[in-house]
Structures are given as C-alpha cells and as structure tokens.
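Trainee: Just passing along the structure, written as structure tokens.
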Amino acid sequence: DISDLMVLKELELPMKFHLCLSITEKEAQLDRMVRGFSPLGLESVVFSRLDESWSYGEIFNLCIRWSLPLSYFGVGREIPSDLERASRERVMERILFKPTRASADNIRIVISLLDISREKITEVCPS
C-alpha cells in the first residue's frame, strides 16, 4: 500500500521518488512493483544485488517497457561504498556481459534507450 507515500507526494514538497528493485526478482514481479509504485511519478530505478546475479536482461526489458531511466546499481552489501552510478558504459557492460546473437542485435536499441535516458540519468546523478 503506497497511501502514505501518496500523502507525502500531495504535500508538494521538493522530493523525488526512486524505486529500488532487486535484480534477483523474476521479471513479472519487477513489473508488478513498478506498476504498483508508478502513481508516485517515479524518477528512476535503482537495481540492487547485481553481485548476486548473472542475468541482467531484466534491466533492459524493464527500462524499455516502463520508459524509466537508471540511476544506480547496488553491487554489494556495503552502502554507500557498493553503490555505483548507472553510467551508459556500465549499463552496456552489465547487459551485454555475455554477448550473444540476440544481444548483438539489440545493441542499437540499448544505445537508443540510453540516449533517451541520458538527460534523466544526468538529472538524477549529477557529475
């Protein structure tokens, strides 16, 4: 239930909502979480537990489907030292870690997604 967060949003305070998702979740569950929290007006997605997964296609799929930029990756248990910004290069490295024919065919789509999201990533993660 996000009713408490909706009350905060209605106060019109200068705040942004970033959704933190675990990459170890199934894609259908990730979609349910984004759908459930989308009424807040999500600014970006943070993916955690990347150190516990070998499959990163969900990152690509979720960002395309929901048009959400990435802001950070959680790559370990130590916060904040194990948080890294989701740079274009790091996203490509994570998604295309094991290049396959399918991932090679999607490189242009990934680059397009990152070009579209670059401004939002910059807003969320200023240099």
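Trainee: Whole number in Å², please: accessible area per residue of region 21-78, 1.4 Å probe, ligands, DNA and RNA not counted. Can you show the working numbers first?
Mentor: Numbers: 2770 Å² over 58 residues.
I get 48 Å² per residue for this part.
Trainee: To continue, here is another question. Keeping all protein chains in the complex and leaving out DNA, RNA and ligands, what accessible area do you get for Val75 with a 1.4 Å probe, in Å² to the nearest 10?
Mentor: 40 Å²
Trainee: Here is a further query. Hey, got a sec? Which GluC sites (Glu not before Pro) in region 16-91 land in a DSSP loop and have at most 14 other Cβ atoms within 10 Å?
Mentor: Numbers: sites: Glu25, Glu27, Glu43, Glu52, Glu58, Glu78, Glu84, Glu89; in loops: Glu25, Glu78.
Sites meeting the loop and neighbour criteria: Glu78.
Trainee: Taking the Cα atoms of region 1-71 alone, what are Rg (to one decimal) and Dmax (as a whole number) in Å?
Mentor: Spelled out, the Cα radius of gyration and Dmax of region 1-71 are 12.8, 41 Å.
Trainee: Report ³J(HN,Hα) in whole Hz for each residue of region 86-94, in order, from the Karplus equation J = 6.51 cos²θ - 1.76 cosθ + 1.60 where θ = phi - 60°; Gly and Pro get x.
Mentor: Listing the rounded values in order: 7, 6, 4, 5, 5, 5, 4, 4, 5 Hz.
Trainee: With an 8 Å Cα cut-off and a minimum separation of 6 or more residues, compute the relative contact order for region 5-78 in percent. Could you put the intermediate results ahead of the total?
Mentor: Numbers: 90 pairs, mean separation 25.2, N = 74.
Relative contact order for region 5-78 comes out at 34 percent.
Trainee: When only DSSP loop residues count, what trypsin sites (Lys or Arg not before Pro) in region 1-42 have their Cβ near at most 11 other Cβ atoms within 10 Å? Write out the running numbers ahead of the final one.
Mentor: Working: sites: Lys9, Lys16, Lys26, Arg32, Arg35; in loops: Lys16, Lys26.
Filter output for region 1-42: Lys26.
Trainee: Within region 30-46, find all residues whose amide N lies under 16 Å from a label point positioned 7 Å from the Cα of Glu84 along Cα-to-beta-carbon.
Mentor: Within reach of a label on Glu84: 46.
The values are calculated or read from the model by the stated rules, or taken from the named source; none is laboratory data. Keep in mind that what you see is a predicted model, and the values were worked out from it rather than measured. When we count neighbours, we look across all protein chains shown, and the Cβ atoms used for this are built from the backbone with ideal geometry, even at glycine. Remember, those area values only see protein heavy atoms, side chains included, never the ligands or the DNA or RNA. Shrake-Rupley method; radii C 1.70, N 1.55, O 1.52, S 1.80 Å.
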